[in-house]
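Novice: Shown below is the structure under consideration.
Rule-based calculations on the coordinates, nothing more; no lab input. All values reported here derive from a predicted model rather than from experimental measurement. FYI the Cβ positions are ideal-geometry reconstructions off the backbone, even for glycines, and counts take in every protein chain you see.
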Amino acid sequence: MIVGFGEQRAGGGDWPRPVVPRIGARLSYGLHRVLAANLLYRRLAAWLERGRPAYRWFTRVERVAKEQLYGCRMCGQCALPDTGYTCPMTCPKQLRNGPCGGVAADGRCEVHPDLVCVWVTAIERAQGAGHGADLDLLQRPVDHREWGRSSWVNYWQGRDDGLGVAYGEDDPRPLLRRELGLSPR
């Protein structure tokens, strides 16, 4: 497993800790609508990429804001809109498509038993905001070359298109949350 932000696995160091977002899912989905890709944002993103100091500043602001609100790990390929605005990269195992098999019956994380599993939080938030179907999308693996880059710029430039895909293009069955063995508390 690739580790972000200088974390260590063997020999010590911290594993990512599941984070409960600081703002509600409905507000987050509303903010996403304001920031939805359009021609103006695409031009802004192109301008930011041409000006290195502007891009670095913008990415720093994005990092601080998303880290404070969602525990963002700056993977560069944001899955927040598809996971109830709960960052799956805060899962100690960095699982982007659902929980591991070690989630306790009460929804606690296997690695950090004092915390609720990221995926239990994601399911509750997405369903509570009327976006439960978003969790049916299968997230593509993280491209580790994008770590630390602005996911907003990538999104506005269309690089995130197809990150969350339907379960099997030819398979009509959606990947249901109940197939993962989870239900909200």
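Novice: Considering the options 116, 128, 29, tell which one lies farthest towards the positive end of the dipole of the stretch 25-180, charges being +1 on Lys and Arg and -1 on Asp and Glu at the Cβ, about the Cα centre.
Specialist: 29
Novice: Next question, about the same structure. Along the Cα-to-C-beta direction of residue 54, a point sits 7 Å from the Cα; which residues of the stretch 138-157 have their amide N less than 13 Å from that point?
Specialist: none
Novice: Starting with the highest mean, order 146-157, 115-126 by the number of other Cβ atoms within 10 Å, averaged over the residues of each peptide. Could you put the intermediate results ahead of the total?
Specialist: Working: 146-157: 20.1, 115-126: 24.2.
For the peptides 146-157, 115-126, the packing ranking is 115-126, 146-157.
Novice: Also, I was wondering about something else. In debye, nearest 20, what is the charge dipole magnitude of the stretch 25-180 about its Cα centre with +1 on Lys and Arg Cβ and -1 on Asp and Glu Cβ, if you could check?
Specialist: Numbers: 22 positive and 18 negative charges, 163 e Å.
In debye, rounded to 20, the stretch 25-180 gives about 780.
Novice: Give me the three principal axis extents of the stretch 25-180 from the C-alpha atoms, as integers in angstrom, largest value leading.
Specialist: 49, 39, 29
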